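What follows is a short report on a single structure.
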Amino acid sequence: MATRLLLLADTHVPARAKRLPDAVWREVDRAEVVIHAGDWVDLATFETLDARAARLIGVWGNNDGADLRERMPEFAVEAIEGLTVGVVHETGAATGRERRMDLAYPDAALDVLVFGHSHIPWDSRTPRGIRLLNPGSPTDRRRQPVCTLMTAVVDGDELRDVELVPVERG
C-alpha cells in the first residue's frame with residue numbers, strides 16, 4: 001500500500017502571505033501524510049492544517065514562537081510504512097550538508113530527512129544514504145523563480161515519485 005506525502009516548510013503565515021495558497025490545500029486533501037519542516041509563524045495555520053490533514057508531522061522553526069514550540073518538537077522521527085523519516089527546520093549551510101547530516105543523526109537510522117529554513121528546494125543523498133529533501137516555500141520564493149512544495153510516495157521501504165511542485169500564490 002503506497003502512502004502519498006506532502007512536504008511543506010517555511011509557510012510564514014501571515015508574515016509572507018495572508019493565508020496558504022489554494023494549491024497547498026488541494027495537496028493537503030490528497031495526502032495521507034503532511035510533513036511541515038517549521039517556520040509556521042502562525043498558530044492558527046498549524047491548527048487548521050492539523051485539523052484538515054489525515055496525519056500531520058511537524059516541527060518548529062527559528063521564526064516560531066513559544067505557542068508553536070509547545071505544540072511540536074524541534075526534531076521529529078516517524079515511521080511511514082517501511083521508511084524512517086526525520087524532520088527538522090535547520091541543517092546549516094548548503095556546503096557540506098550531506099556529511100554534516102550523517103554526523104548530526106548517526107543513531108537515528110534515517111532513510112529521509114525533510115528540512116526547511118533556506119526556502120531553496122533540495123534533493124540529495126548523504127554518503128550514508130539519507131535522502132535530504134527541502135520543499136522550498138509555498139509562500140516566499142526568496143531567490144527562487146517560483147514558490148514550491150514537494151510531493152512524494154512511500155511504497156513499502158521505497159521513496160518514489162518525488163516531485164517539486166510550483167505554487168501560484170494567487
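Filtering region 46-103 to residues that are in contact with a strand residue (DSSP E or B) (Cβ under 9 Å, 6 or more places away or on another chain) and among the hydroxyl-bearing types (Ser, Thr, Tyr) leaves Thr84, Thr91.
Of all positions in region 32-44, none carries a residue that is in contact with a Pro (Cβ under 9 Å, 6 or more places away or on another chain), charged (D, E, K, R) and under 18 Å from Val146 (Cα atoms).
Of all residue pairs spaced 6 or more apart or on separate chains, those with beta-carbon atoms under 8 Å, a first member in region 43-66 that is more than 19 Å from Pro21 (Cβ to Cβ) and a second member that is of a type outside the set (A, V, I, L, M) and not in a loop (DSSP other than H, G, I, E, B) are Leu43/Asp67; Ile57/His36; Ile57/Glu78; Val59/His36; Val59/Phe75; Trp60/Arg69. Looking at this structure, is Thr84 within 22 Å of Glu163 (Cα to Cα) and touching a helix residue (DSSP H, G or I) at 6+ places or on another chain (Cβ under 9 Å)? It is false that Thr84 is within 22 Å of Glu163 (Cα to Cα) and touching a helix residue (DSSP H, G or I) at 6+ places or on another chain (Cβ under 9 Å).
Every number here is computed from the coordinates shown, using simple stated rules; none is lab data. Just so it is clear, the structure is predicted and the values come from calculations on it, not from any experiment. Virtual Cβ from ideal backbone geometry, glycine too; neighbours counted across all protein chains shown.
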